[in-house]
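Below you'll find the structure, written out as structure tokens, and then a few comments.
Where a number appears in this text, it was derived from the coordinates with a stated rule and is not lab data. Everything quoted here is computed from the prediction, not taken from an experiment. Quick reminder, even Gly has a Cβ in these numbers, built from the backbone with ideal geometry, and neighbours come from all protein chains shown.
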Amino acid sequence: MCVSVYICYSLVTSLLVGVVSLKSSYDGGRLGESSGHHVNALEASACSAAWWAGRDITRLGQQRARGSVEVEGVVHMRRSRRLKIREECRVFHMSDTQIKEVMSRLHNELVRGLGKNTHSKASVKCWLTYIQDLPNGKERGKFLALDLGGTNFRVLIINLGDNHFDMQSKIYAVPNHIMTGTGVALFDHIAECLANFMKEHEVYDERLALGFTFSFPLKQTGLTKGILQRWTKGFSCSGVVNEDVVQALKDAISRRGDIQIDVCGILNDTTGTLMSCAWKNHNCKIGLIAGTGSNACYVEKTENCELFEENNGKPQMLINTEWGAFGDDGSLDFIRTEFDREVDTHSINRGKQIFEKMIAGMYLGEIVRLALEKLTRMGLLFDGRGSDLLFKRNSFYTKYVSEIESDLPGEFTSCRDVLEELGLAHATEADMAAVRYVCECVSRRAAHLVSAGIATLLNKMNDPVVTVGIDGSVYRFHPHFHTLMCEKIEYLVRPGITFDLMLSEDGSGRGAALVAAVACHQSQQQGA
């Protein structure tokens, strides 16, 4: 279909003097950038642009054949509008030179984060996780996992067998009065739910190891010691900030006295993603979250971890980069746009998490909306007639971006539905093609920035074969994100490094249980 549309488009444009080609009208050549690797990833979008241009031009050609005296003026107007839209979106296009500069600056921040004398000033903190052994597939037995990261939490029981596992879970609510009450009440509630879960699954009388996924800002000082830095996501429980949350959970379990649980490790969702994938794929040494937020962890040589003062002879350490804060020191200002700055200005953490605000699902939809708002106010979209919702902050969800880019070439079914939902039922097909183009520009930039981050880690590790375990809604549901990442990372990694991307299966749940399993396996080895 793409070929036939493009041929039709080319034949028609040859009849009309002054009408630009697909490449010049929507800068299609820049989709591949200088590497030449990336055109296939956006083949659908290129076809969409061609279809839009061809449809308009065909209609105008028919008018011209009938002797319309206004055709040349309309052609010029539509061509001019497309060129202006392209020019406004050029700010989202990063050259390979710019991307490589991003990589260089990120590498420097990683080194600073690992350094004892530079850690405090580094924007990328590179926290130690105290996990030095990855799953080897030999872990066996029953393990519990607790996943706390919002208004609900999960309890899971996982039975690890020979290359397979059985997992059962249940979701429990955290009532508002507990979210804003005392820390003791919160952890007592969690302990009660753990006890009920163990009764339901007939393991009430067993002694089980538990891995604790805790998705709040945490300073980890040991595998089973994590100090809460601050509450987020609506929590404000007293007596927990600057305290060890693992100890708080242990104390709550002890107060009950009726269940036997050993909390063997605390982790975040990024670490869990890596652990979950590593159980099946032993080459997995990078974990990535590309969802509402973004973060990455990777396996570093212990000798480079200057904050780790033990000398246990183990050669590696899993590092939680917290790369969302990359750029907080201004190092990404050279690629930030007016839209990025406006998103930051109206965020609850102004000046913080700059890299995350350019790549994460919490922000991508708003970046698109701001660009659409500007184009509308310039008269380049919707005949200059917007809507209350289009001009309302955070009304353009990131899921809309994925839906719009999922439309087949030449079709605008999802795009039309989204625009109607936003009160823009008067949008033309040319408007819809332009909206899709804006979505593509923002998505492509996000994918390339994430790719730059992963390529930086791959180059730093310099292992010949590495699997990247990935979780998160953006990676899972965006139709082109995986392909864009594969193509760009391949271009950016140094020769001799082979990688693949692996979708994680429940990193925050299974990954937590695997941390407990590995910890138990280590204890058994040391005891023997």
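What does the charge count near HIS119 come to, summing +1 for each Lys or Arg and -1 for each Asp or Glu among other residues with Cβ under 10 Å from its Cβ? Please report the intermediate quantities before stating the final value.
Numbers: positive: ARG112, LYS116, LYS121, LYS125; negative: GLU306.
It works out to a net charge of +3.
Checking the a/c ratio against 1.5 first, then a/b against b/c, what shape does the Cα gyration tensor give for the range 140-229?
Numbers: a/c = 2.09, a/b = 1.40, b/c = 1.49.
Note, shape of the range 140-229 comes out oblate.
Give, as a single signed number, the net charge of other residues whose beta carbon lies under 13 Å from the beta carbon of THR498, with Lys and Arg counted +1 and Asp and Glu -1. Spelling it out: positives minus negatives among the neighbours equals -1.
Roughly speaking, what is the centre-to-centre gap between the range 261-324 and the range 219-237 when only Cα atoms are used, to the nearest Å? The range 261-324 and the range 219-237 have Cα centres separated by 17 Å.
Please state the shape class of the range 324-483: rounded when a/c is under 1.5, otherwise prolate if a/b exceeds b/c and oblate if not, all from the C-alpha gyration tensor. Don't skip to the answer; put the middle values down first.
Details: a/c = 2.50, a/b = 1.52, b/c = 1.65.
Oblate, because a/c is 1.5 or more while a/b does not exceed b/c.
Of the cross-linked pairs LYS121/LYS314; LYS100/LYS219; LYS100/LYS301; LYS219/LYS399, those separated by over 29 Å at the C-alpha level are LYS100/LYS219; LYS219/LYS399.
I need the peptides 269-280, 469-480 ranked by packing, meaning the mean over residues of other C-beta atoms within 10 angstrom, with the highest value on top. Write out the running numbers ahead of the final one.
Numbers: 269-280: 28.7, 469-480: 22.5.
Ranking, from highest mean packing down: 269-280, 469-480.
With the cut-off at 1.5 for a/c, could you classify the range 187-298 from its C-alpha gyration tensor as rounded, prolate or oblate? It comes out oblate by the Cα gyration axes. Cβ crowding within 10 Å ranks GLU206, GLU87, GLU373 as GLU87, GLU206, GLU373, fewest other Cβ atoms first.
Within the set of other residues whose C-beta is less than 15 Å from the C-beta of GLY330, count the net charge using Lys and Arg as +1 and Asp and Glu as -1. Mind dumping the intermediate values first?
Working: positive: ARG105, ARG112, LYS121, ARG336, ARG341, ARG350, LYS352, LYS357; negative: GLU101, GLU109, ASP328, ASP329, ASP333, ASP340, ASP344.
Result for the neighbourhood of GLY330: +1.
Computed packing ranks the peptides 121-130, 378-387 as 121-130, 378-387, most packed first, by mean other Cβ atoms within 10 Å.
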